[in-house]
Amino acid sequence: MSAHTILRLPAPERVVPARFMLSTVFLVLALVGAVISLIGAICQPHQFAFSWFTAFYYFFTICAGSIFWLLLHYVCNGSWDILIRRIWENLAALFPYLFVIFLPLILITPLRDTIWTWMPLVGSDNHELAIRSGYLNFPFFYIRVLGYFAFFTGVALYYRNNSLKQDADGSHIWAFRCHYHSYFLMTLWALIETFASFDWFMGLSWKWSSSLFGAYHFAVCAQAGLAACIVIAAWLQSNGYLTRLNREHYHLAGKLLLGFSILWAYFAFGQFLLIWYANIPEETIFYNDHNRHLWKYLTYFLIVGKFMFPVIYLLAQDTKRNLRGLASIAIWVLFMHAVEMYWFVAPYAHEKTLVPSWLDPVCFITVGSILGYVYIRIMSSAALFPYRDPRLAECLTVTN
């Protein structure tokens, strides 16, 4: 860039929810889906519990991954992603609503006992539960649930509020505060994410143990959070917003998506390999449940669809520098993320059949529509990007 060239910083961009017909679609689907879900909960409470949990956890991982990318931005003092940073801030701001969605699973006893099968055994003479009772007990479980959501919600609101304060006065102090606290919060995020995955996800099979599950879950969250950000950025740009995003930004996001697709495979295969050669009964039960009957074919599909295809597709530079191509593979990654959630949870609901219940898509659409409608409202409450960030100029001129 010539020394005499004047860089024009973009003006703040705001969206009006009424402009998006999608907002109305989300609202209608949420209301209709809530009614149908309630009917399903009454008629088929066992299946509803797993379907609702799968839908909740799909979006939970996206929001948890968004907090990871937000913290990583400040840890590294990043500049390339400033134009898309608010997408992660807005996704993270969904955590209070996720908590409300999660409440039926922990407050309605039949649903709770269906998901976490150790709970009906509390107070019995079960020896295996007795030796784990210091961790697996009702008071401590509920304390942890409140702690997890308090942490995620607090971090999300802290960073978004500081970002909005910077929009208001342009002071560097807000970015400095976020950077200063990010190191500790990133460490705490890793611990909270790991224990939440133990309690809710791994806890579906409470006798199972895996020393690598926290790392595997981290890769799941990070990949999903990045893919969701790419899809939302592409959607906004297709509607005339975020016009300063360019091929350099796409390329950087694509390289990260490639890297985390490989990282997911590394942890997923590493976990399987460690369990396979150790051959300890407490560890092998998970893969025994998920690789029998027709479920083994879904395992093969995950290997191809979530690792091999995205990696091969993203190896080419052109596919990473083209927004339509990058958004297409990000949508595919989110689809495979849904397949993975179903593969993980559904065998506990119906062991012998691979066919989804009608409640699976109903719950997924309901939860997704609720969060989609709220997301558009949150997004419209502030500018689409932090337009007074001191490093915005670096973002606009980034090359790689």
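Could you tell me whether residue 124 is among the small types (Gly, Ala, Ser) and within 24 Å of residue 231 (Cβ to Cβ)? No.
Which of (1) among the small types (Gly, Ala, Ser); (2) at pLDDT below 95; (3) surrounded by 13 or more Cβ atoms within 10 Å (Cβ to Cβ) is the odd one out, the single condition residue 2 does not satisfy? In the conditions (1) among the small types (Gly, Ala, Ser); (2) at pLDDT below 95; (3) surrounded by 13 or more Cβ atoms within 10 Å (Cβ to Cβ), residue 2 misses (3) alone. When segment 141-175 is filtered for residues that are of a type in the set (A, V, I, L, M, F, W, C) and surrounded by 14 or more Cβ atoms within 10 Å (Cβ to Cβ), the ones remaining, listed by number, are 141, 145, 149, 151, 152, 155, 156, 157, 164, 174, 175.
Entry remark, segment 235-252: residues being outside any helix (DSSP H, G or I), at negative phi and aliphatic (A, V, I, L, M) number 1 in total. For segment 377-393, indicate whether the set of residues that are outside any loop (DSSP other than H, G, I, E, B), crowded, with 20+ Cβ neighbours inside 10 Å and not aliphatic (A, V, I, L, M) is non-empty. No; the residues of segment 377-393 include none that is outside any loop (DSSP other than H, G, I, E, B), crowded, with 20+ Cβ neighbours inside 10 Å and not aliphatic (A, V, I, L, M).
For the subset of segment 121-140 comprising residues that are within 24 Å of residue 57 (Cα to Cα) and out of contact with any helix residue (DSSP H, G or I) (no Cβ under 9 Å at 6 or more places or on another chain), which member is surrounded by the fewest Cβ atoms within 10 Å (Cβ to Cβ)? Looking at the filtered set, the residue picked out is 139. Take residue 345 and decide whether it is of a type outside the set (Asp, Glu) and more than 24 Å from residue 98 (Cβ to Cβ). Here the answer is no, as residue 345 does not meet what is asked. Report yes if residue 60 is within 26 Å of residue 331 (Cβ to Cβ), aromatic (Phe, Trp, Tyr) and touching a helix residue (DSSP H, G or I) at 6+ places or on another chain (Cβ under 8 Å), otherwise no. So residue 60 passes the test.
Restricting attention to segment 176-214, the residues being open to solvent by 40 Å² or more (accessible area, probe 1.4 Å), in a helix (DSSP H, G or I) and either hydroxyl-bearing (Ser, Thr, Tyr) or touching a Gly at 6+ places or on another chain (Cβ under 6 Å) (or both) number 3. Checked against (1) closer than 23 Å to residue 257 by Cα; (2) surrounded by 23 or more Cβ atoms within 10 Å (Cβ to Cβ); (3) not hydrophobic (A, V, I, L, M, F, W, C), residue 51 meets all criteria but (1). Restricting attention to segment 260-270 and to residues that are open to solvent by 70 Å² or more (accessible area, probe 1.4 Å) and aromatic (Phe, Trp, Tyr), the residue that is farthest from residue 353 (Cα to Cα) turns out to be 266. On the given criteria, is residue 369 modelled with pLDDT of 90 or more, outside any helix (DSSP H, G or I) and open to solvent by less than 50 Å² (accessible area, probe 1.4 Å)? No.
Of the residues making up segment 342-400, those that are in contact with a Leu (Cβ under 6 Å, 6 or more places away or on another chain) and among the hydroxyl-bearing types (Ser, Thr, Tyr) are 348, 369, 373.
Remark: residue 101 matches the filter, which requires a residue to be open to solvent by less than 30 Å² (accessible area, probe 1.4 Å) and either under 22 Å from the mean Cα position of the chain (by Cα) or at pLDDT below 95 (or both). Go through segment 302-316 and give me each residue that's open to solvent by less than 80 Å² (accessible area, probe 1.4 Å) and either in contact (Cβ under 8 Å) with a residue 12 or more places away in the chain or not β-branched (Val, Ile, Thr) (or both). Those that are open to solvent by less than 80 Å² (accessible area, probe 1.4 Å) and either in contact (Cβ under 8 Å) with a residue 12 or more places away in the chain or not β-branched (Val, Ile, Thr) (or both): 302, 305, 306, 307, 310, 311, 313, 314, 316. Residues that are assigned to a loop (DSSP other than H, G, I, E, B) and either in contact with a Cys (Cβ under 7 Å, 6 or more places away or on another chain) or open to solvent by 20 Å² or more (accessible area, probe 1.4 Å) (or both) within segment 104-120 comprise 108, 117, listed in sequence order. Here 319, 399 are screened, and the one residue that is within 30 Å of residue 74 (Cβ to Cβ), polar (S, T, N, Q), touching a residue at least 12 places away in the same chain (Cβ under 8 Å) and open to solvent by 60 Å² or more (accessible area, probe 1.4 Å) is 399. For segment 271-292, residues that are of a type outside the set (S, T, N, Q) and either at pLDDT 95 or above or open to solvent by 80 Å² or more (accessible area, probe 1.4 Å) (or both) total 5.
The values are calculated or read from the model by the stated rules, or taken from the named source; none is laboratory data. Just so you know, these numbers come straight off a predicted model, no measurement behind them. Backbone-built Cβ (ideal geometry, glycine too); neighbour counts: all protein chains shown. For accessibility, only protein heavy atoms count, side chains too; no ligands or nucleic acids. Shrake-Rupley method; radii C 1.70, N 1.55, O 1.52, S 1.80 Å.
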